[in-house]
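One structure is given here, and the rest of the page talks about it.
Each reported figure results from applying straightforward, stated rules to the coordinates on display, with no laboratory input. None of these values were measured; they are calculated from a predicted model. As a convention, Cβ positions derive from the backbone with ideal geometry for all residues, glycine included, and neighbour counts pool all protein chains shown.
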4 protein chains.
Amino acid sequence: MHLDIQFLGLCKSINLRHCAGNPALIDWKKNMTVRFAILGAGRIGQVHARAVASTRAATLVAIADPIEAAAKSVADEYGCDIRSIEEIRQSADIDAVAICTPTDTHADLIEQFARAGKAVFCEKPVDLDIGRVKDCIKVVEQEKATLMLGFQRRFDPDFLALKKAIDDGAIGDVEMITLTSRDPGAPPAEYIKRSGGIFRDMTIHDFDVARWLLGEEVATVQAAASVLTDPAIKALGDYDSINVILTTASGKHCTISNTRRATYGYDQRIEVHGSMGSVSAENHRESRIEIANSDGYTRPPLLNFFMSRYMAAYANEISAFVDAVANGTPTPTTGLDGLRALELADAAVKSVETGQTIKLG
Amino acid sequence: MHLDIQFLGLCKSINLRHCAGNPALIDWKKNMTVRFAILGAGRIGQVHARAVASTRAATLVAIADPIEAAAKSVADEYGCDIRSIEEIRQSADIDAVAICTPTDTHADLIEQFARAGKAVFCEKPVDLDIGRVKDCIKVVEQEKATLMLGFQRRFDPDFLALKKAIDDGAIGDVEMITLTSRDPGAPPAEYIKRSGGIFRDMTIHDFDVARWLLGEEVATVQAAASVLTDPAIKALGDYDSINVILTTASGKHCTISNTRRATYGYDQRIEVHGSMGSVSAENHRESRIEIANSDGYTRPPLLNFFMSRYMAAYANEISAFVDAVANGTPTPTTGLDGLRALELADAAVKSVETGQTIKLG
Amino acid sequence: MHLDIQFLGLCKSINLRHCAGNPALIDWKKNMTVRFAILGAGRIGQVHARAVASTRAATLVAIADPIEAAAKSVADEYGCDIRSIEEIRQSADIDAVAICTPTDTHADLIEQFARAGKAVFCEKPVDLDIGRVKDCIKVVEQEKATLMLGFQRRFDPDFLALKKAIDDGAIGDVEMITLTSRDPGAPPAEYIKRSGGIFRDMTIHDFDVARWLLGEEVATVQAAASVLTDPAIKALGDYDSINVILTTASGKHCTISNTRRATYGYDQRIEVHGSMGSVSAENHRESRIEIANSDGYTRPPLLNFFMSRYMAAYANEISAFVDAVANGTPTPTTGLDGLRALELADAAVKSVETGQTIKLG
Amino acid sequence: MHLDIQFLGLCKSINLRHCAGNPALIDWKKNMTVRFAILGAGRIGQVHARAVASTRAATLVAIADPIEAAAKSVADEYGCDIRSIEEIRQSADIDAVAICTPTDTHADLIEQFARAGKAVFCEKPVDLDIGRVKDCIKVVEQEKATLMLGFQRRFDPDFLALKKAIDDGAIGDVEMITLTSRDPGAPPAEYIKRSGGIFRDMTIHDFDVARWLLGEEVATVQAAASVLTDPAIKALGDYDSINVILTTASGKHCTISNTRRATYGYDQRIEVHGSMGSVSAENHRESRIEIANSDGYTRPPLLNFFMSRYMAAYANEISAFVDAVANGTPTPTTGLDGLRALELADAAVKSVETGQTIKLG
């Protein structure tokens, strides 16, 4: 269970960190622990700080943020240093960084830290521009650096159980996937302006899940997009309601349905239909109670926030990155995954704009 | 409840029919009862014979079928005459016919019986050719005849409850509809050959449901289609796995997912997402039990056959036709509904073939 | 599926009855059809009239009721004669009767009709007095008559599926049964006065289900009873809220929980825990839709009336009686089942009154 | 959400503990943090060590266990001292203890630590002997000491949500409670021998939940008990399958169903029926996936172990104790709750042995 995993991480990380002042243990720790810095102390930076703190084989050494109060809050919370990004790049006691800064800094920071010999975990996307992403991946390859992209859904315990069922052959060959992702409400206008639009900001997670579950690359993209929830989103040149059909070369389908507004909470469902059966993953509710009365039988709405919904996924994700870094094994997601998902987003935009089925590759 | 409705129908129809030999009641009966003939004693003809028999204000007077044994079986079952189609057309004691003959005879029979002054219920489709459908509808209009198309899903008790929830404002404005229709297995090759293909044969029901629930006409169609379950279907020039996105002028979406093979039964789901909430209709299982053991908690598979799944819908459908005929009110579905659904099917085929988003109207 | 069974019955019974005027068929019919009279045209009499009408091998010949309008309504509905009870007893064209008269007439009528050589279906209970029940059963045995008691739950399609799962070994040995039966509201005071109290009127059905599923006789009864919903029930000397523990000689348990008031509908659940697993049967709702909004996910309340909830069970029950009569095989329930259930009810009353665990047998 | 609560606790406790070596913070810490020792490093001791470590306002200072390896394992895990029970009693830097030693030491240790001025959290039961429990509670009262009993179910997030629904009036007045608690398997014979029997060891938790939810004391107890899963349990003089009916003075009922063997996992359900509706809490599964195939729709079995099932409850429980100690407010459970639950267990045993409904008080 994810709770066990999480709690286990908690206990073990406490143990290790607690010993930080014990010289006898330092050498052992050096060999065993991935020493982390978090770049950016915003919302997602705080999530990853927690995840690092709860991972056995990782230590949070430093936090960087231009806003001093934000950095201090994390430093106080987890007992780590405050350092500048430049200082972190040059720190010998840092093995890995988690880039949680604004999107337009990602590619530069990935390159800098790859060149500095640090393992890099970066929130998606690498960049909103495909060319820039390709250049960045090239640098990572040249440096033989480690780069993992933050597609946390792949690490959600329920989605992992669903993937395992597929891999175990429980449904035969995957044929048709249905992804339903609905946000409780739209992000602020400021965010939407710089997000690259709903396909690059929100659907990108579904594109990655689609690739993960289809087991082969997408060949064509068809997309439809509307503004139904708020004209302000139209004024920003974006959409709030989209549907996509992805088709692979062998004819497998994946449909994606997104909206920015679901009154019943953060709706995150996967259903995979195969030649021998089907597997689906349910939503997460606020609690497991049900009230019955003359109006019917009512269960609580869904968890309303992506951070509580995917808390275990974020912890598992960092844990997987740490494992890969510690063992020198490939990371479960790479820069290429970021590139492929962005290509699908670009194709979806193009399909909406041209009314064409867009071919990839 | 649909069971009550059905049972009610049962009792009342028995009463009326039982009185058939009583001359004192015959005049009353004539005024009150819609006297039916069924054309075609195949599977769907038998279903409608049952439905007529269980409807209060209807009497099954005659059955026609070129295969004598088939006609006799229905005649024995429901105590009606065997007559030829031509005899039925000329019968003064027939008010209405249900056309359950092969598709390529539908348009001709509709026209003949419309001209003969009979009310016509016809299984979809009117014809596989749009031009022929339009001509046929024109004849019906000229004759001011009654024509109802057999889209039985609109009469399913659960789908009616879902529609009522929408009409009652329970979910606000309809924004995105998800239709999932999966057949347990493909029909015989002979059927597929003459069916007009999956979009005109199977998806046509979803196109009609989409129009019914969207509340406005579809403006564009995007479709993807594959053969995943059986190469024989490819050899017949058809598909077995399709996904469609319909978009209305105001930007509402409806997605449709069909496959010819679902190991878990006849999968028939509707989910409608609106501005204030969502409403969905569950599948029908073989029974309501659940068995728990060390492998988990298991509920039975779905009903495996469209006739058992939609039995109540078929009964309600005929009952609605009878009401319209008896009261001289418009039928809930018309030839135009058949035409519109076929236009969507044609557009879907064209979208697959051209890789274009197809505009309607 | 129960719907199929029911519909099948419908079609076939219509056929037979329709042929009633055809002399060529009468002999055949005599041999094949159980010719019925219903005694009592009240609510349950009407239910059984419907059930007889929808059963292939049965014909409803006559109805009896002291209230002429009530008898006439059934006679009109199903096209049968109105006769007095005495006339029915002497009718050569009646094979079987369904006794749906007030409880205090049951035992006498059973004896009369048993002596008259008619097969007897009787609504529970035979009588509220154990001694009278025993005498009545003795007469039935002496006459070698057929007597089936109306415990319709044994014929509910879901409960039959649950029983089949047990018989198929799906849960190993039965160990603990949980029966939850909650009525939407209390019956009228007049009914309660003459019902013999909640244990003999309402719990009696659960006692029968318990015996059916336990697979061995009950050895001890412990019961608790309160008035929680309406002081008027206390004034009548009855209870509205009860819990019972039944224990068999081998130590198997069955608990029963009843209340006269459930705001969410007619609550009818069974859960059977066994050595290798568990099987449960869900409730029946008004429809299969679910509405989601900011208040949560809501499914409709339960069917609110025992006749709609158990409609299929009533039809199956009569069908089973007809089969037994037609084939000369034992009926699935007997007078002894009525006696045993009443003994459990009496023991429950005694347990409440004495604060003792009551031993049976 | 409970996950958030838990994670919050994690982060904050790390912060505080991390500062342990910083003299400037020690005074502040003294005032703010409850300094803990755990007596007993067995399974439940480890659970509470984790819970203390994840609670903001608590610090784990010491662990005691006669088995050195067990104590060392906890000390290593959480970075605390190893001390003897006697040393802990005399430690000025210990504010509170959690007694996780064998049952027969509980009462003595409670008294010792109450007299030493420490706040005491003790696993249930205080003692298996009612008289000893009463004496112990008297000492606690005389010393005006803080004593909280470990009934963790009251702190389960779902059960708290259910309790809140009741307190918010969602179901009106509580009338009938159904508690279903089934263990995956029986504990070892050694444990059963000294556990006081199923009612004092297992049902005791349900007795406490019953009192918590009924809102009034129990007036009478009826119990039935059998051995169905393993004759070895009979040889030990215990039962493995029990059902209990509790009745309050005003006539409210609570039934409890326990078995030592449920193949489908650790079954923990509550259903509360009230005058205006009902509220229930579902079980916890291994994951939220469902697999559909020709055998049906299967969800995973339940979590199989009480520690994973109630992990959040254990954390919340210690957090509540810490809050009470830090703020000098009453603890949510007390020695009296332990006494009352034990009285119910004794009454249940007596009911089984005598075949009587047992009155309390």
May I ask you to order B:56-63, B:138-145 by the average number of other C-beta atoms within 10 Å around their residues, highest value first? B:56-63, B:138-145
For the stretch A:78-152, what are the per-bin percents of Cα-Cα distances with bins 5 Å wide, up to the bin holding the maximum? 3, 17, 28, 25, 17, 7, 2, 1
With the convex hull built on the alpha-carbon atoms of chain C, volume per residue in Å³ sits at 160 Å³
Anisotropy class of the stretch D:283-361 from Cα gyration tensor, a/c 1.5 cut: oblate
The protein assembly as shown: translational diffusion in µm²/s, Stokes-Einstein, Kirkwood Rh over Cα pairs, 37 °C, 0.692 mPa s: 92 µm²/s
Using the Cα gyration tensor of the stretch C:198-296, the equivalent ellipsoid's semi-axes, largest first and to the nearest Å, work out to 27, 24, 10
Cα-Cα pairs of the stretch B:280-324 separated by more than 13 Å (percent): 67 percent
Please work out the FRET efficiency for the pair A:TRP212 and A:ILE130, using the Cβ-Cβ distance as r and a Förster radius of 22 Å; give the result to the nearest 0.05. 0.60
Grab the DSSP H runs of chain B that are 4 residues or longer, score each as -39,500 (n - 2.57), total them, divide by all residues and round the 222 nm result to the nearest 500 deg cm²/dmol. -13000 deg cm²/dmol
Quick one: order D:ASP206, B:ASP93, A:ASP95 by neighbouring beta-carbon count within 10 Å, fewest to most. B:ASP93, A:ASP95, D:ASP206
For B:MET311, D:MET307, ascending order of other Cβ atoms within 10 Å (fewest first) is D:MET307, B:MET311
Calculate one ³J(HN,Hα) per residue across the stretch B:224-240 by plugging θ = phi - 60° into the Karplus curve 6.51 cos²θ - 1.76 cosθ + 1.60, and present them in order as whole Hz with x for glycine and proline. 10, 8, 9, 10, 10, 9, 6, x, 4, 5, 5, 4, 7, x, 10, 10, 10
May I ask for the net charge around A:ILE44, where only other residues with Cβ less than 11 Å from the Cβ of A:ILE44 are counted and Lys, Arg are +1 while Asp, Glu are -1? +2
Table column - 3J(HN,Hα) (Hz), the stretch B:286-300, Karplus curve with 6.51, -1.76, 1.60, x for Gly and Pro: 5, 7, 9, 8, 9, 10, 10, 7, 5, 7, x, 10, 10, 9, x
What is the Cα centroid distance between the stretch C:152-196 and the stretch A:281-327, reported in whole angstrom? 37 Å
Check cross-link reach from B:LYS72 to the lysines: straight Cα distance under 19 Å, and skip same-chain residues fewer than eight apart. C:LYS12
For A:LYS164, list the lysines whose Cα falls under 23 Å from its own Cα; do not include residues on the same chain fewer than 8 positions away. A:LYS252
Using modelled amide H (1.01 Å from N, peptide plane; none on Pro or chain starts), what sits under 5 Å from the amide H of C:ALA219, excluding residues fewer than 5 places away? C:THR247, C:THR248, C:ALA249
Would you please give the residues with an amide H less than 5 Å from that of C:ALA58, counting only those at least 5 places away or on a separate chain, with H modeled from the backbone geometry? C:VAL34
Per-residue mean of other chain beta-carbon atoms within 10 angstrom of the beta-carbon, peptide C:234-244? 3
What does the charge count around B:GLN112 come to, taking other residues whose C-beta lies under 13 Å from its C-beta (Lys +1, Arg +1, Asp -1, Glu -1)? -2
Residues with beta-carbon under 9 Å from that of A:PRO187, excluding A:PRO187: net charge, scoring Lys, Arg +1 and Asp, Glu -1? -2
List the aspartates and glutamates whose Cα sits under 19 Å from the Cα of D:LYS134, skipping any in the same chain fewer than 8 residues away. D:ASP104, D:ASP108, D:GLU111, D:GLU123, D:GLU143, D:ASP201, D:ASP208, D:GLU217, D:ASP337, D:GLU343, D:ASP346
Over the whole of C:349-358, what's the average partner chain Cβ count within 10 Å per residue? Rounded to a whole number, please. 3
Would you mind ranking D:VAL74, B:VAL34 so that the residue whose beta carbon has the fewest other beta carbons within 10 Å leads the list? B:VAL34, D:VAL74
Inter-chain shielding metric for B:255-267, i.e. average beta-carbon neighbours from other chains within 10 angstrom, reads 5
Antiparallel DSSP beta bridges within the protein assembly as shown, percent to nearest 5: 60 percent
